[in-house]
Amino acid sequence: MTDRTARSRRAAPSGIRRGESAAGWLFTLPVIVILGTFLLVPVLMALWVSLSDWTGRGSPFSSGVGFVGLDNYAAVTTGGGLAERDFGIALRNNAWYALLVVPLQTALSLFLAVLVNRAVLRGRGIFRTAFYFPSVTSSVAITVLWLFLFSTSGVVNQVLSWIGIAGPNWFNDPSGVFHNLLAGVGVQSGPAALMENRFLGVSWWDWLGGPSVAMFAFILMGVFTTSGTFMLLFLAALQNIGGEVQEAAMVDGATGWQRFWRVTLPQLRPTLFTVLTLGLIGCWQVFDQIYTGTQGAPGKTTLTPAYLSYQSAFLSQEWGRGAAIAFILFGIIVILTILQRWLLRDRPVSRRRMRLYEVATGGGSR
């Protein structure tokens, strides 16, 4: 009797778990159906389009649409023509955009979060709203405002003129920022190894030229519009850090910078990973600012893969090539996210640090 009771008690939880599992699937089924219909199915259709010669007329699954394999992918990566060069230019522009925007917006948002989290700051609510306001404003409206601010006779050039600097014609200047800096010290061209060797149809000298002046204006806009959102994420994380840890560090004689670097920042690692990941994804998906502002001009120096995908599909009617560019961009985002996760992973304490800690705490003598 005792064994039967024990077996029934062990069987009851598994039956309850099966019932809970069935109820969970039942409640989530509508969402799964909706996501499958409006997300998974279109992605699979786009994947087929990237492998076909569909021209945008009729159904992509009609008998007249042929399977071309990886030809659309090869055209933008190894084709050697204008399609490869355009993709290389777009990739270079977006790489510089992400390389500068992600660290700048992360550092600025963390600084703003630390600033508005200080108890001694008066009117913290006003500052939080002011810093967050650009993030909830339409990106199209901000882009139009940016075009006025950075025009030849705009406010930015007027302010620069007050300190004796002649501002550039921002959105009409295709020259690279780093090339301009080198030209200022007399370097007009790069070494032959960088000028002659190419990657995706673009010379390494152009790859290393930095963003164009026009793209640099978009970089400033990207930092301005996204820092407020990430500030709130950092602010929420800072408010979850217990004050006892800070007080203990102060008792141990740690300075303000040491408390931030050794105590606060390590506890912000999960939030830091979230901010970096969202920032990286957003930077590689930049589209509406380019569409509203320059549409890739001047000289394709503000062209991005997202806008090139739209241009290839909707304007040039090369739907397979446009879908291929979108999937290549998806692969780039996934790879960079995995790499970022690996770099920010929790690492085990080294033996050397453990020995130093044991010596400092007296554990080594026991």
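Which one is nearest to the chain's Cα centre (by Cα), of the residues in region 199-237 that are in a strand (DSSP E or B) and in contact (Cβ under 8 Å) with a residue 60 or more places away in the chain?
Across region 199-237, the extreme among qualifying residues is Ser212.
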Out of all the residues in region 237-245, is one or more at pLDDT 90 or above, of a type in the set (Gly, Ala, Ser) and either in the same structural domain as Ala323 (by TED's automatic domain parsing) or in contact with a helix residue (DSSP H, G or I) (Cβ under 9 Å, 6 or more places away or on another chain) (or both)?
yes
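Against the definition (farther than 22 Å from Ser227 by Cβ and without any contact (Cβ under 8 Å) to a residue 40 or more places away in the chain), how does Ala183 come out, yes or no? Write out each step before concluding.
Working: farther than 22 Å from Ser227 by Cβ: yes; without any contact (Cβ under 8 Å) to a residue 40 or more places away in the chain: yes.
Considered against the rule, which asks whether it is farther than 22 Å from Ser227 by Cβ and without any contact (Cβ under 8 Å) to a residue 40 or more places away in the chain, Ala183 comes out as yes.
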Residue list for region 244-271, filter: among the small types (Gly, Ala, Ser), in a loop (DSSP other than H, G, I, E, B) and loosely packed, with under 14 Cβ neighbours inside 10 Å
Gly253
Count of region 297-322 residues which are assigned to a loop (DSSP other than H, G, I, E, B), free of Cβ contacts under 8 Å to residues at least 40 places away in the same chain and either among the β-branched types (Val, Ile, Thr) or in contact with a Leu (Cβ under 8 Å, 6 or more places away or on another chain) (or both)
0
Would you be able to say whether some residue in region 272-290 is assigned to a loop (DSSP other than H, G, I, E, B) and of a type in the set (A, V, I, L, M)?
yes
Tell me, which residue of region 257-273 that is among the aliphatic types (A, V, I, L, M) and under 24 Å from the mean Cα position of the chain (by Cα) is modelled with the lowest pLDDT?
Leu265
Residue by residue through region 223-269, note down the ones that are β-branched (Val, Ile, Thr) and under 22 Å from Asp346 (Cβ atoms).
Ile241, Val245, Val263, Thr264
Answer yes if at least one residue in region 163-184 is more than 19 Å from Val286 (Cα to Cα), exposed (fewer than 11 other Cβ atoms within 10 Å of the Cβ) and either within 22 Å of the chain's Cα centre (by Cα) or not assigned by TED's automatic domain parsing to the domain that holds Ile241 (or both), and no otherwise.
yes
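The values are calculated or read from the model by the stated rules, or taken from the named source; none is laboratory data. The model shown is predicted, which means the values in this text are computed figures rather than measured ones. No Cβ is skipped: glycine too gets one built from the backbone with ideal geometry, and neighbour counts run over all protein chains shown.
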